[in-house]
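The values are calculated or read from the model by the stated rules, or taken from the named source; none is laboratory data. Note that the structure is a prediction, hence the values are computed from the model and not measured. Don't worry about glycine lacking a Cβ; one is built from the backbone with ideal geometry, like all the others, and counts go over all protein chains shown. Each accessible area value is taken on the protein alone, full model and side chains, heavy atoms only, with ligands, DNA and RNA left out. Shrake-Rupley method; radii C 1.70, N 1.55, O 1.52, S 1.80 Å.
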Amino acid sequence: MSHLKVFCPRNSRRSGCMLVRFLILPPMLTQCHGLKVLVDLLDEDYTDQTELIVDTLNGIGSVFELQTPTTKNDFCHMFILEGLLDPLSSALLNVMGNSSPNAIEMKHKIIQILLIFSQVTQSDIHVRNAMGTWKIVRRLLRACELLEMECLVQMLKAVKHLSMNANLLEVLQNTNAIEILIKLLDEEKTGPHNTEAAQAGIIPCLKRVIETSSPLKQFALPILCDLASVGKSCRYLLWQHDGLALYLKLLEDPYFQVSALEAILSW
């Protein structure tokens, strides 16, 4: 990394901006290893090179907005090959432990990038495998425990995308996602969906989120509807908590009536 520091001396925001803007030019990205250099820059020491990392994050985010024939899926795939997710997820945890003026901006940018990757896991197996490692998922869940509501909503969208992949459910379970997210639910937040979650007490937590009109209601309702199709033991727990009555009430909601009807049909 010493050759990069020649271009980006400490406390030289202008140099950092110039380098990042140069790197995200389409010819640099495709012909001169621009993506790799961005990933390497992100791995710099956060305390020592805060402004450079801010510029680098903005640069990475800008890559996905470029008007080129290369799709977001392709850029995600290329970033995966350069090893972006490890320093990116690590940077998120580092930022949350910092109170610098740039911290809020950086959290939003990192989560925005992670959300793009989580969306791409639906269609790209390479991105799915990279995103679905124990280390990356565990960091995302750790972030959920520490983020304030506005950022948490966005991070939970990323976790929700991961939970929609059957191949990643085991990873979520192995990273204690159920315990972590149920703990969040007790603070009016949300969690994953399976029999173990229901047995651990997720149903009343989900109902509390819904009944109190929490901002995370949009996550709680689909999960609660999904529980009806998990199995008999789960439906028994739903019955104990008036789940069927809740599904019938949801038939009046145009946004969730299809999910509610499917849940009733699964009963």
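For region 125-184, with all protein chains present and a 1.4 Å probe, just round the carbon and sulfur fraction of the accessible area to a whole percent.
Here carbon and sulfur together make up 52 percent of the probe-accessible area.
What is the gain in length, in nm to one decimal, between Asp253 and Glu148 on full extension, counting 0.36 nm per residue of separation less the C-alpha to C-alpha distance?
Separation in residues times 0.36 nm, less the Cα-Cα distance, equals 35.0 nm.
Taking 0.36 nm per residue of sequence separation and subtracting the Cα-Cα distance, how much length would be gained by fully extending the chain between Arg21 and Trp267, in nm to one decimal?
Working: separation 246, 0.36 × 246 = 88.56 nm, distance 5.58 nm.
Contour length minus Cα-Cα distance gives 83.0 nm.
Accessible area per residue of region 66-176 at 1.4 Å probe, in Å²?
Ligands and nucleic acids excluded, the result is 46 Å² per residue.
How high is the FRET efficiency from Gln122 to Gln218, r the C-beta distance, R0 22 Å, rounded to 0.05?
Efficiency, rounded to the nearest 0.05: 0.75.
Dividing the convex hull volume of the alpha carbon atoms of region 33-183 by its residue count, what do you get in Å³ per residue? If you can, show how the numbers build up before the last one.
Numbers: hull volume 15.6 nm³, N = 151.
Measuring per residue, one finds 103 Å³ for the Cα hull of region 33-183.
Using only C-alpha atoms and all pairs of different ones, pull out the Kirkwood radius for region 52-96 in Å with one decimal. Walk me through the numbers on the way to the answer.
Details: mean 1/r = 0.0876 Å⁻¹.
The answer is 11.4 Å.
So for region 220-267, Kirkwood radius off the Cα pairs, Stokes-Einstein at 37 °C and 0.692 mPa s: how many µm² s⁻¹?
The Stokes-Einstein estimate is 320 µm²/s.
Treating only the Cβ of Lys, Arg, Asp and Glu as charged (+1, +1, -1, -1), what charge dipole size does region 43-145 show about its Cα centre? Round to the nearest 20 debye.
That gives a dipole near 540 debye.
So what's the net charge close to Ala228: Lys and Arg +1, Asp and Glu -1, counting the other residues with Cβ under 11 Å from its Cβ?
That works out to 0.
Would you mind computing, in nm to one decimal, how far apart the modelled labels at Met78 and Asn98 are, each placed 7 Å from Cα along Cα→Cβ?
Placing both labels 7 Å beyond Cα along the Cβ direction yields 2.7 nm.
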